[in-house]
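The values are calculated or read from the model by the stated rules, or taken from the named source; none is laboratory data. Keep in mind that this is a model prediction, so the values were computed, not measured. Positions of Cβ are backbone-derived with ideal geometry, glycine not excepted, and every protein chain shown enters the neighbour counts. Just so you know, the surface numbers come from the protein's heavy atoms only, side chains and all, with ligands and any DNA or RNA stripped out. Shrake-Rupley method; radii C 1.70, N 1.55, O 1.52, S 1.80 Å.
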Amino acid sequence: MKATFSILVTVYNKENYVWKTIDSVFKQSYKDWELIIIDNNSSDSSFKVLEDVLGSFKGSNNIILKKFINRQGPGASRNYALNYATGDWVLFLDGDDLLKQNYLLKLAEIVKENKESEVIVGRWCKLQNGKIGKPISSGILERTNCIEDTAVAYAPWILHAAIIKRSILNLQNLWDETLDKYVSEDTAFWFKLTYQREVVFTDYCGAVYRILDNSRDHTNSDKYVKGVLEVVKSNVRWISSVGKMSKRQHESVFRLLESLNDRFHISKSNREYWELLNLHLHNSPNSLSMSLRRILGFPVFNVIKTLFL
């Protein structure tokens, strides 16, 4: 039986880009797909653009367009879209990103070759200033045994670089809508979803990630740091409910928190940050660098690192 795909697109104020996103779906060489679009009550003309581009489509695919009257975050929009999905596999797609023409065709081939797979992940490339870059990955694709160690702290791939078997998207694996106001909400989603799941990797690059100047970025350092802390705490609570954090997971969280201080110089008054950092430091593996951090104390070690690096 051929694989069927539900492509779930969430849109908020993407009037200049969303038609290209939808057009990249229409141009797929593999035709067994349905398209569910949720406009998150855009204040620009995104909804009108969507109506126009959908009106021009000549195919017979199932297409649903809905509008959230009371705007909610991306996770809530994606959960809402799932209510309409009927395909075997789900692909989440933001309203400014793109799919290469043979993306679904290649994924269908991989599905056929890996019948037990639950998540399939490929590489992606960036689109910036009109130019598409080289295929990239987070590094996890080269080290497939480290997902559970690193995904607790870092989103392992971009949103549409992966497809998910719809049958595993149950109540426990939906998007956490309480994290919608933070920029790292996908870290929590992918960590819970991939934990002890059958993940298959491919070198194929079919996802194109558009870089925009007004993307949800990290320019508001206080908000960004708060978001990271909330996502980390959510993941730690979740894994504590199903088991025990490994030392490698503690190390991943510590290194993420350390990188925040390197970048933003976290105030000593942010007690929550420093308590979390020290907790994960003292539960990390006994490597030389971690031992030095413990012996010298993180502030002293950080000064030394700054002087010599």
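Residues in segment 1-95 average 44 Å² of solvent-accessible surface per residue, probe 1.4 Å, ligands and nucleic acids excluded.
Computed over protein heavy atoms with a 1.4 Å probe, the carbon and sulfur contribution to the accessible area of segment 51-210 reaches 44%. The Kirkwood radius of segment 102-205, taken over pairs of alpha-carbon atoms, gives through the Stokes-Einstein law at 10 °C and 1.306 mPa s a diffusion coefficient of 109 µm² s⁻¹.
Assuming a ≥ b ≥ c are the square roots of the Cα gyration tensor eigenvalues, decide whether segment 214-309 counts as rounded (a/c under 1.5), prolate (otherwise, with a/b larger than b/c) or oblate. Since a/c reaches 1.5 but b/c is at least a/b, the shape of segment 214-309 is classed as oblate. For the options Val232, Val242, Val49, a Gaussian network treatment of the chain with springs between C-alpha atoms closer than 10 Å singles out Val242 as fluctuating the most.
Computed with every protein chain present, the accessible area of Ile63 is close to 50 Å² [probe 1.4 Å].
Modelled spin-label separation between Glu198 and Ser167, with each label point placed 7 Å from Cα along the Cα-to-Cβ direction: 0.9 nm. Restricting segment 181-258 to trypsin sites (Lys or Arg not before Pro) that sit in a DSSP loop and have at most 11 other Cβ atoms within 10 Å of their own Cβ leaves Lys244.
Residues whose amide H falls under 5 Å from that of Leu65, counting only those 5 or more places apart or on a different chain, are Ile37, with hydrogens built in the peptide plane. Among the trypsin sites (Lys or Arg not before Pro) in segment 55-136, those placed in a DSSP loop whose Cβ has at most 16 other Cβ atoms within 10 Å are Lys58, Arg71, Lys115. Over all other residues within a Cβ to Cβ distance under 13 Å of Val111, the charged ones net out to -1, with Lys and Arg as +1 and Asp and Glu as -1. Per-residue ellipticity at 222 nm, computed for the chain from helices alone with -39500 (n - 2.57) per DSSP H run of at least four residues, works out to -12500 deg cm²/dmol. Of the residues Phe92, Phe26, ranked by 1.4 Å probe accessible area with the largest first, the sequence reads Phe26, Phe92. Here segment 44-174 has an Rg and Dmax of 16.6, 46 Å, counting Cα atoms alone.
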